[in-house]
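Chemist: Quick one: this structure, given as structure tokens, is what I'll be asking you about.
No value in this document is a laboratory result; all are computed from the given coordinates. Keep in mind the model is a prediction, meaning the values are calculated, not measured. Cβ: placed from backbone, ideal geometry, glycine included. Neighbour counts: every protein chain shown.
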Amino acid sequence: MGALAGRGVVVTGAGRGIGRALAVRGAQEGARVVVNDLDADNARAVADEIGGTAIPGDVTAPDALVDAAIEALGRVDVFFANAGIDGSGGPDSLQAPDDVWDRVIDVNVMAHVRAARALVPRWLADGQGGRFVVTASAAGLLTMIGSAPYSVTKHAAVAFAEWLSVTYGARGVDVHAICPQGVKTQMLEDAGGLQALLSRDSALEPEQVAEAAVQAIEEGRFLVLPHPEVAGYYAVRASDTEKWLAGMRRLQQKVDEAGAWG
Ligand SMILES: NC(=O)c1ccc[n+]([C@@H]2O[C@H](COP(=O)([O-])OP(=O)(O)OC[C@H]3O[C@@H](n4cnc5c(N)ncnc54)[C@H](O)[C@@H]3O)[C@@H](O)[C@H]2O)c1
């Protein structure tokens, strides 16, 4: 029996894309799944499809979601903090206004912090532990050409996941950070020419990300790298930062020359 079988699982942003794939896969693994999304119709459709429970709502205020999920599941064993937004703020991301930064920080970082704040004390108190899975991005290990808010908040999401693992890992809280490059979802579609150029050849299906997540959970691995090549880029970034930055600048130049912005 796998680690998700019989578990009470919450997936945020599960009305479509990677979250939907995680919810479907969780149900296939035998989990009882709560499907959260800002889009209530999509949340209900996915919940109906997998025999789960829809609890729509904005994940930036997750206390109500956690309470309702505990009522529905008895206990939240696994929380997939998956909902995220791009928030490039237009082609010139340096000029993204404060309200865009605020919203991206709220969804991509503070939602995870608030959910962990609600769940971890419960997991420690009943002694059964829990599992917190953050959908970050390869942008959180490397950077993302084009979007400062996305790069910064995804680094923060990885940092928070690392901190949780360091602080509570020995007390029964398992943490994972999912860090894909391009995945064929609405988010990639909405990113337009730039992301199409960057991920045309390597974009994965959301189901492949869910498969990588389940494998990492079964193996007890923190880092989930659906694109294995990211491990190599990450190693170069750490061991020869100057070389890595020079390569990224060349990539940026190529993007500029291709006129892929907008
Ligand atoms: N698609 C990619 O290329 C890619 C790559 C790396 C990481 N990611 C990350 O994967 C996660 C899922 O992205 P996706 O590609 O499936 O995107 P998507 O836009 O297709 O789906 C995201 C879902 O989250 C929901 N959502 C957004 N804000 C919410 C909120 N405040 N509360 C509740 N639900 C909310 C949306 O309604 C949507 O259904 C995100 O964190 C994203 O940053 C995506």
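Chemist: Quick one: compute the contact order of the chain, relative version, from alpha carbon pairs under 8 angstrom and 6+ residues apart, as a percent.
Modeler: 16
Chemist: So, one more: Tell me, H176, H155 in order of fewest to most beta-carbon neighbours within 10 Å? Before the final figure, lay out each step's value.
Modeler: Numbers: H176 23, H155 20.
Lowest count first: H155, H176.
Chemist: Under 10 Å, Cα contacts only: if you run a Gaussian network model on the chain, which one of S151, S202, S239 comes out with the highest mean-square fluctuation?
Modeler: For the chain, modelled as a Gaussian network with Cα springs under 10 Å, the answer is S239.
Chemist: Let me ask something else about it. Toward the positive end of the charge dipole of the range 8-228, about the Cα centre and with charges on Cβ (Lys, Arg +1; Asp, Glu -1), which of V100, G52, L141 goes farthest?
Modeler: L141
Chemist: Among T185, M110, P226, which residue has its Cα furthest toward the positive end of the charge dipole of the chain, with +1 on Lys/Arg Cβ and -1 on Asp/Glu Cβ?
Modeler: Comparing the listed Cα positions along the dipole, P226 ranks first.
Chemist: How far is it, in nm, from the label point at D98 to the one at T167 when both lie 7 Å from their Cα along the line to the Cβ?
Modeler: Modelled inter-label distance: 2.7 nm.
Chemist: Most exposed first by the Cβ proxy, i.e. fewest other Cβ within 10 Å, how do E29, E257 rank?
Modeler: Listing E29, E257 from fewest to most nearby Cβ atoms yields E257, E29.
Chemist: I would also like to ask the following. Quick check: Cα centre of the range 1-17 to Cα centre of the range 209-262, how many Å?
Modeler: Taking the Cα centre of each part, the range 1-17 and the range 209-262 sit 26 Å apart.
Chemist: While we're here: In debye, nearest 20, what is the charge dipole magnitude of the range 1-124 about its Cα centre with +1 on Lys and Arg Cβ and -1 on Asp and Glu Cβ, if you could check?
Modeler: Details: 11 positive and 17 negative charges, 131 e Å.
Taking the Cα centre of the range 1-124 as origin, the dipole is about 640 debye.
Chemist: Among M248, M1, M110, which comes first, second and so on when ranked by fewest other beta-carbon atoms within 10 Å?
Modeler: Fewest to most other Cβ atoms nearby, the residues stand as M1, M248, M110.
Chemist: In nm, what is the difference between 0.36 nm times the number of residues separating L245 and Q128 and their Cα-Cα distance?
Modeler: Additional length available on full extension: 37.8 nm.
Chemist: With +1 on the Cβ of every Lys and Arg and -1 on the Cβ of every Asp and Glu, and nothing else charged, how large is the dipole of the range 8-228 about its Cα centre, in debye rounded to the nearest 20?
Modeler: Details: 16 positive and 28 negative charges, 103 e Å.
For the range 8-228, the charge dipole is close to 500 debye.
Chemist: Rounded to the nearest 500, what is the 222 nm mean residue ellipticity of the chain from helices alone, with -39500 (n - 2.57) per DSSP H run of 4+ residues and division by all residues?
Modeler: The helix-only estimate for the chain comes to -16000 deg cm²/dmol at 222 nm.
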